[in-house]
Amino acid sequence: MRVLFATSEIAPLIKTGGLADVSAALPAALHEMAVDIRILLPGYPQVLKALPQLRVAAEISLQPNFPVARLLTGSLSNGVPLLVIECAELYERGGGIYQDEHGLDWPDNALRFGLLSKITALLGCANSPLDWKPDIVHCNDWQTGLTPAYLHFSDGAVPCVMTVHNLAFQGVFPPQVAAELGLPDECFQPDGVEFYGNLSFMKAGLYYANHITTVSPSYANEIQTDALGFGLQGLLTYRHENLTGILNGIDLTEWDPATDPNLAHPYNLTDISGKSANKRELQKRMGLHVDPDLPLFGLVSRFTPQKGVDLVLEIAPQLISLPAQLVLLGSGDMEMQRTALELAHHYSGQISAYVGFDEALSHLIEAGADIFLMPSRFEPCGLNQMYSQRYGTPPVVHATGGLIDTVVDCNAASLKQDIASGFVFHNMDTLSLLATTGRAAIAYHDKKTWRALQHNCMIKDFSWGQSAIAYHHIYTHLMRR
Ligand code: ADP
Ligand code: GLC
């Protein structure tokens, strides 16, 4: 089975969020199952610098709609083959991969990800310049959303899967962009790529893909509702027989408290004592009072309304009077960044904040915090709550999407069944969040309950195994059709 997996980011080369983690771990799991999988991604400077051994496999000219590009081949350190699109004009620049240094979307994003979508489709149809031809094309999020549309109008196209990691980002552009990117006029209609008069990359993917997946079973249901369908609930409901929710796994090697090089002290399920050394290190590094007994709440997140970071900032003064400490890591919304830094300044020693992206610190927080905070308004899957459970740090989560699929609320019944693994709240407001952090702090001080919770968290299976098999089934099914 040959699969082309197209993505706009991959850890550790280039990452803004969970899509990068999944784009590394899922292909690796499928590769281990003997799937001949190749990852296609844009040649950002970070990628070209990290992989100097790439070789040119083809020159690609899709003029007049796109600039000339070259296809480079190589492989990741784990042996998974990689295809990189070299196009200096579109991908080699400073700033972020989606936005410039001021946080504004690059004005040529339609062209940048139109090219990624187009080349993905090219490799999956009769005109491919490569000898290697996939049986299945697997697209991820809006950045590869046009691929299924291009494939639909190409000769000898193979079937494709579209995975929704986050429906909130759709890649919507003015209507004239459709023709500029070489899409046939006939697809610019409601039964096609048109979305309220504009071109929607995400809708194109959802409309034309042979199968749609999303990253948790609960989110698969939620995106068919008005509340979380972001305007695409009608299409998703119409396509529900071709829509599957498959829970993400996590990379158990990358996220292992027994071997994690970012920790001050390793620990594992049988000897969790090393966890306290990480708490001390985190408190020291972040300028918090070194106190082994106060519950330390941790948060690692993009600062956006999606993640409910605003609620955490709002309750922070009451949270620390539980009493407790709070450590924040994240970046994004300017107002949230400013508030986080102000709180850290005002409550120095009790609250600390680092604004920026810091992979090593994120690992130390997962290990050094006692309780992890993830009060997302919606969450397609969420990886941090799985990392935190693996690190024996029970999470406080809102009952939504992948959070509800991966965390079992701590109560008398779940404790008795040995399945309690965190604290779940149902109303998205400060009162519920505060009450639930209070519940977590009380449990933290009850040593027996806390050990049981940590144990339940750490023995959970978050591996990719079952999920990779579920993707394999979908590929097989599409190949047979
Ligand atoms: P999302 O993809 O919506 O941001 P996920 O929970 O799926 O949410 O994945 C987020 C990933 O990004 C995790 O690996 C998390 O540790 C990481 N992350 C988010 N913000 C930061 C940050 N400021 N520094 C380091 N890692 C971060
Ligand atoms: C998105 C979602 C997140 C998910 C990740 C990987 O960024 O917001 O919930 O875990 O993709 O699928």
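The values are calculated or read from the model by the stated rules, or taken from the named source; none is laboratory data. Keep in mind the model is a prediction, meaning the values are calculated, not measured. Please note: Cβ atoms are built from the backbone with ideal geometry, for glycine as well, and neighbour counts cover all protein chains shown.
What's the number of the condition residue 475 fails, among (1) touching a residue at least 40 places away in the same chain (Cβ under 8 Å); (2) in the same structural domain as residue 298 (by TED's automatic domain parsing)?
It is condition (2) that residue 475 fails.
With respect to residue 78, determine if the residue is part of a loop (DSSP other than H, G, I, E, B) and farther than 30 Å from residue 175 by Cβ.
So residue 78 passes the test.
Can you pull out the residues in segment 68-87 that are exposed (fewer than 15 other Cβ atoms within 10 Å of the Cβ) and touching a residue at least 40 places away in the same chain (Cβ under 8 Å)?
78, 79
Looking at 341, 263, 294, which is the one that is in contact with a strand residue (DSSP E or B) (Cβ under 6 Å, 6 or more places away or on another chain) and assigned to a loop (DSSP other than H, G, I, E, B)?
Matching residue, one of 341, 263, 294: 294.
Could you check segment 89-98 and list, in sequence order, the residues that are under 19 Å from the mean Cα position of the chain (by Cα) and either modelled with pLDDT under 95 or more than 15 Å from residue 172 (Cα to Cα) (or both)?
The answer is 96, 97.
Does any residue of segment 366-381 turn out to be more than 12 Å from ligand 2 (Cβ to nearest atom), of a type in the set (Val, Ile, Thr) and farther than 24 Å from residue 445 by Cα?
no
Scan segment 426-444 and tell me whether some residue there is among the charged types (D, E, K, R), surrounded by 21 or more Cβ atoms within 10 Å (Cβ to Cβ), outside the structural domain of residue 223 (by TED's automatic domain parsing) and at pLDDT 95 or above.
no
Scan segment 199-251 for residues that are away from ligand 2 (no atom under 16 Å from the Cβ), buried (at least 24 other Cβ atoms within 10 Å of the Cβ) and in a loop (DSSP other than H, G, I, E, B) and report the count.
Looking only at that region, the number is 1.
Going residue by residue through segment 263-285, is there one that turns out to be within 23 Å of the chain's Cα centre (by Cα) and either away from ligand 2 (no atom under 16 Å from the Cβ) or crowded, with 17+ Cβ neighbours inside 10 Å (or both)?
Yes, because at least one residue in segment 263-285 is within 23 Å of the chain's Cα centre (by Cα) and either away from ligand 2 (no atom under 16 Å from the Cβ) or crowded, with 17+ Cβ neighbours inside 10 Å (or both).
Would you kindly identify the strands (runs of 3 or more DSSP E) lying entirely within segment 1-63 that contain at least 2 residues that are touching a His at 6+ places or on another chain (Cβ under 9 Å)?
2-6
So the check is Cβ under 6 Å with 6+ separation or different chains; which pairs have a first residue in segment 302-313 that's within 9 Å of residue 376 (Cα to Cα) and a second one that's more than 10 Å from ligand 1 (Cβ to nearest atom) and not aliphatic (A, V, I, L, M)?
306/377; 308/375; 308/377
Look through segment 161-198, keep the residues that are without any contact (Cβ under 8 Å) to a residue 40 or more places away in the chain and small (Gly, Ala, Ser), and return whichever of them is surrounded by the fewest Cβ atoms within 10 Å (Cβ to Cβ).
The residue in question is 197.
For segment 145-182, what are the residues that are more than 16 Å from ligand 2 (Cβ to nearest atom), farther than 23 Å from residue 2 by Cβ and among the aliphatic types (A, V, I, L, M)?
Within segment 145-182, 172, 177, 178, 179, 181 meet the criteria.
Mind checking whether some residue in segment 401-413 is within 11 Å of ligand 1 (Cβ to nearest atom) and at positive phi?
yes
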